[in-house]
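Everything below concerns the one structure shown next.
The values are calculated or read from the model by the stated rules, or taken from the named source; none is laboratory data. Computed from a prediction, not measured in an experiment: that's the story for all the values here. Neighbour counts run over all protein chains shown; Cβ positions are idealised from the backbone, glycine included. Areas reflect the complete protein model, heavy atoms only, side chains present, ligands, DNA and RNA absent. Shrake-Rupley method; radii C 1.70, N 1.55, O 1.52, S 1.80 Å.
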Amino acid sequence: MGVGNHKVASFRLRIDAPPVKGSLSMRSAIKSIFILATGLAAQAAHAAFTYPDCPDAAESQFRYVPVVGSHDPTANAGANTKPMVVDPGMLEPLHLAFDSRPGDKTDIYYVEKTGAIKRYDAVANTVSLVGNAPGISTGGEMGLTGIALDPAFKTNKNIYLYMANGTPAEFHVSRFTLNAGGKLDNASEKVLLRFHRTGENHTGGAMTFDSYGDLWITVGKNAKDYPNSYNETTESLSSEGTSANLADFRGGVLRIHPDNSAQGYSIPPGNFAEYWSSKFRAAGNTTLADQYADPKKVLPELYVKGTRNAYSINVHPTKRWLAWGEFGVNTTNTYTEEHNLVTHPAYGGYPYFAGGFGAGDGTGYYELWSGAGAAQYDAAHPGLKQSAAGPINKSKWNRGPEQMPPVTPAMHTYMHGSGAGAITGPIYHYDPASTSTIKWPPHFDGSWLLTDWVQGSGNNGFKGAKILKMSDAGDRVVDSLKWFQNLNWFEPVSFDQGPDGAIYVIMYAGWHTATTGTHIGRIEYTGTCRPTVATAIGSNAAAPGAASFRATLDRISVFAVGESTVIIRDLRGRVLFTSRQTGPRELPLGKTLLRESGVYLVSLATVRGNFTRELSKP
């Protein structure tokens, strides 16, 4: 993780930038840990965060509810705090996964660095031990650092764990099956990925599934930290041998499709190697294209390379935009912290570049190779200059192509100061079919939530959470809100949307120990805007009272008056149905058109705006 004693300095946000190519101090008082401050002003949302026929969302319409933690401070926290379940053994919780239950209840599976997998039962309101990851190493930042539940978890009971294996010294991504009693069956382990590890830092380990059933995995660089990243004497110290080595999993994000084959997974189309091989071939560079197509030189599981320590992850539910929070370099307060969002496979720049789109402090590119790391870099590569248009890796530890793709800048950056740890939250998805009374309102559909491990305290640091509205193409921020600054954030390390539409957060609050602040909680909406017709997606949504439609698996009901066009696509963009009509109109689909399980996108185009809804078939 590498941020245990850091504090943040300043923050700057890029809005409407041009498209691109590419140890916590202990608090003595705990009574306000778990509740949002009362009396918050009813701050109106910006234009991009409004919704037709609904009042503007305001912070006063949200509340923070503790769920499970190492201590129960209810007696000191006031009458508005719900008693939470106490897990007296909670120690270093890192990541969580969800299982929906009847009555809009959400079970939480969470992992602790020391190896425990636990389950919060939302119906019984209890915590139980599911099992312990076998054979792990827990030194430094090593341990059990990631969990994901199989998309078919309710039937197959499969879970996926990311862990640092003890002997041999490897990282493992393994699939386990829970037995009939809901406990981890260690004998069921299927190791999907195993790769070498050195040292005890920068592990990564966040995992998530997307709507295709693809599993996304962050992997830390696991090498000597900057500015000593260009070591040509000892391989285990070189970040050029990990983050910039396309024949190594470390320092990137992986994407695989788990299955029941002997290998345990297949490679989804469009990963890093395929994408960039195609780009280089189209540019006439067949030699480089062939290198990228060679699975021994560019591992086919890669989706992103050039990261330092991506410790959190989220994927847009339908557009498949990938977001991650990157713990940035910590040698000086002149560099930036990064939240990244990409719409295609990308090279993030590390260990040669860091930063984002802007030109000012905290927003621009930083040439790490000519910065604090210049002395070691020049000794390793005399005379070699680097360009963000395509860095060159001439390290003797590099087993992949020397030529990297163009650097893709970070989407959201801010000054690292004396410490920071960027944590991505969800790209929020409003589900109109959900009956949950705590789900967030449609104002935030498609918005990207962010926070930071190190919360600023009176020093203009990153405090609270930020909510960013993205452009339709996902290439820029068009509006932003800075909310929940009155919530006492205790080292938030996991920040995600539950199936009930609420936002869950793990407050880590400790380093190799538990404190009174260690817990899991959720941010609930208490307002009244919960429409059952899906929200429009996109910046061209029409005004209140404009055209709308309802989609089911066997028919489309168009309520728009006048000419309109309906198009149904699958998530790979294939057109399955097209109809032009004068509305209002009922469009029967039959029982065979949407016969496969998955998510479909139903689009309606009218003179008053374009609208897109999701339609899911179990």
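For this structure, a couple of remarks:
- Å² of accessible area per residue within the range 410-452, as computed with a 1.4 Å probe and no ligands counted: 16 Å²
- Charged side chains reduced to their Cβ positions (Lys and Arg at +1, Asp and Glu at -1) give the range 234-293 a dipole of some 200 debye around its Cα centre.
- Each peptide in 216-223, 464-471 gets a packing score, the mean of other Cβ atoms within 10 Å over its residues, and the list from highest to lowest is 216-223, 464-471.
- Residue list for the range 139-168, given a label point 7 angstrom along the Cα-to-Cβ vector of Trp511 and an amide N cut-off under 13 Å: 140-141
- Solvent accessible area, Å² - Tyr350, 1.4 Å probe, full protein context: 10 Å²
- For the range 81-215, lysine pairs separated by 8 or more sequence positions, or belonging to different chains, with Cα-Cα distances below 21 Å total 15.
- Antiparallel beta bridges, as assigned by DSSP with both residues in the range 62-185, represent about 95 percent of the total such bridges.
- Maximal additional length on extending the Ala152-Asn186 stretch stands at 10.3 nm, based on 0.36 nm per residue less the C-alpha distance.
- Once the Cβ-Cβ distance of Arg194 and Asn228 is raised to the sixth power relative to R0 = 30 Å, the FRET efficiency obtained is 0.65.
- Contour excess over end-to-end distance, with Cα ends at Gln485 and Thr528 and 0.36 nm allotted per residue: 13.2 nm
- For the range 231-374, the residue among Gly373, Leu246, Ser261 whose Cα projects farthest onto the positive side of the dipole built from Cβ charges is Ser261.
- Straight-distance crosslink candidates among lysines, where the alpha carbon sits under 20 Å from Lys396 and sequence neighbours closer than 8 are dropped: Lys221, Lys224, Lys296, Lys297, Lys305, Lys385
- Where the range 80-158 is the region considered: accessible area per residue in Å², 1.4 Å probe: 36 Å²
- Cα gyration tensor category, rounded, prolate or oblate, for the range 438-501 with a/c compared to 1.5: oblate
- Figure legend: label point modelled 7 angstrom from the Cα of Asp378 along Cα→Cβ; no residues of the range 205-237 have amide N under 11 Å from it.
- The range 110-217, accessible surface, carbon-and-sulfur percent (1.4 angstrom probe): 49 percent
- Between the range 130-195 and the range 57-72, the alpha-carbon center distance in angstrom: 30 Å
- Under the convention that each Lys and Arg Cβ holds +1 and each Asp and Glu Cβ holds -1, the size of the dipole of the range 427-490 around its Cα centre is about 240 debye.
- Point-to-point label distance, Lys617-Phe577, nm (Cα→Cβ direction, 7 Å offset): 0.9 nm
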